[in-house]
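Notes follow the structure.
The values are calculated or read from the model by the stated rules, or taken from the named source; none is laboratory data. These numbers come from a predicted model, not from an experiment. Because the Cβ atoms are built from the backbone with ideal geometry, glycine has one as well, and the counts that use them run over all protein chains shown. Ligands, DNA and RNA are stripped out before the accessible areas are found, and what is left, the full protein with its side chains, is counted by its heavy atoms. Shrake-Rupley method; radii C 1.70, N 1.55, O 1.52, S 1.80 Å.
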Amino acid sequence: MQRIHTITAGLLLGVSFATTAHSDLLDDIRSDGTFTVGTEARFAPFEYIEDGEIVGYSADIMEHIMEELEGVELIRMDLPWQGILPGLERERFDYVITSVTATPERMERYHLSAPIADATMAILKRAGEDDISSPEDIAGKVAAAQAGSAQLEALEALAAELEEAGTPVEDIRTYTGVDEAYAELGTGRVDVVINSLPNLLEAERTRPDVFEVVGTFGDPVYFSWAGRNDEESASLNAFMDEQIQRLNEDGTLEELQEKWFGGPMELPLELPAPE
């Protein structure tokens, strides 16, 4: 049984995370006996807190992967999304185990892992709002997304298309955590929230009297994890890719998708090359 520790953002204040240069990060993880990762445990059903522990789809995947790192302790730093990728670059932790939407810009800047889940963009509205039934219907509405996210970029692109068509969005509001956006939707302060389909389906499943998913828009998108795109991290990146692909091929990911999302997802073994 692997030991798993969680460090919350509040406990990290005043602590220096700087690490020394590594000749081979995976070797260092094995020899040091610790694998430190950054996560945002406010993204159900992928990563969230339950009874003081980080649980969810990604946590279950990591339980399988840690079996291949015998004797290594997993330490999870729970941070706001806006600090995750900058923290990776500053070597505050070894790797990112949270839902990173694969965009061409991120694929160039980081090593994004093999896909772990579908991340296609979708729209959430209040249940029973009959005037919103398609992406175009957000024209004239107040839309929300998480600050610094790929979902916000997708919303802004959709809003630009509507503006060009002469039917602009009334306003776009951003929130540090997506749960804040859901709360604002529930109280009527915003009209729609843009997020990835699996997350919105979870919001609808847990509060069907409040929320309703409208549908998807844009091209297929996938969630990945992330490592630094450097020579020292190459072995760790390759190891994580191999493990995710193994779990994809042997049906483990499908079983976990059934558990957490209510159905399987068709995932490629590798991220499609950016166009």
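Filter segment 142-165 down to residues that are open to solvent by less than 60 Å² (accessible area, probe 1.4 Å) and farther than 20 Å from L197 by Cα and give me whichever is nearest to the chain's Cα centre (by Cα).
It comes out as A160.
Take Y95 and decide whether it is of a type in the set (S, T, Y), within 26 Å of L201 (Cβ to Cβ) and modelled with pLDDT of 95 or more.
No; evaluated as a whole, the condition is false for this residue.
Take D24 and decide whether it is open to solvent by 90 Å² or more (accessible area, probe 1.4 Å), among the acidic types (D, E), modelled with pLDDT of 95 or more and more than 23 Å from the chain's Cα centre (by Cα).
Here the answer is no, as D24 does not meet what is asked.
Spot the failing condition for E63; the list is (1) open to solvent by less than 10 Å² (accessible area, probe 1.4 Å); (2) closer than 20 Å to D32 by Cα; (3) part of a helix (DSSP H, G or I), and only one is missed.
So E63 meets the others, but not (1).
Condition first: of a type in the set (G, A, S) and open to solvent by 70 Å² or more (accessible area, probe 1.4 Å). Now tell me which residues in segment 231-275 satisfy that.
Within segment 231-275, just A273 meets the criteria.
Applying the selection to segment 87-141, what residues are over 30 Å from E249 (Cα atoms), in a loop (DSSP other than H, G, I, E, B) and in contact (Cβ under 8 Å) with a residue 12 or more places away in the chain?
Scanning segment 87-141 gives R90, E91, R92, A127, G128, E129, I132, S133, S134, A139, G140, K141.
With (1) under 26 Å from E153 (Cα atoms); (2) in contact with a Leu (Cβ under 8 Å, 6 or more places away or on another chain); (3) surrounded by 19 or more Cβ atoms within 10 Å (Cβ to Cβ); (4) not aliphatic (A, V, I, L, M) as the list, and H111 as the residue in question, which single condition is left unmet?
(2)
One residue is enough: does segment 45-58 have a residue meeting the conditions open to solvent by less than 40 Å² (accessible area, probe 1.4 Å), of a type in the set (S, T, N, Q) and over 12 Å from the mean Cα position of the chain (by Cα)?
no
Anything in segment 98-118 that is among the charged types (D, E, K, R) and farther than 12 Å from L85 by Cα? List them, or say none.
Scanning segment 98-118 gives E105, E108, D118.
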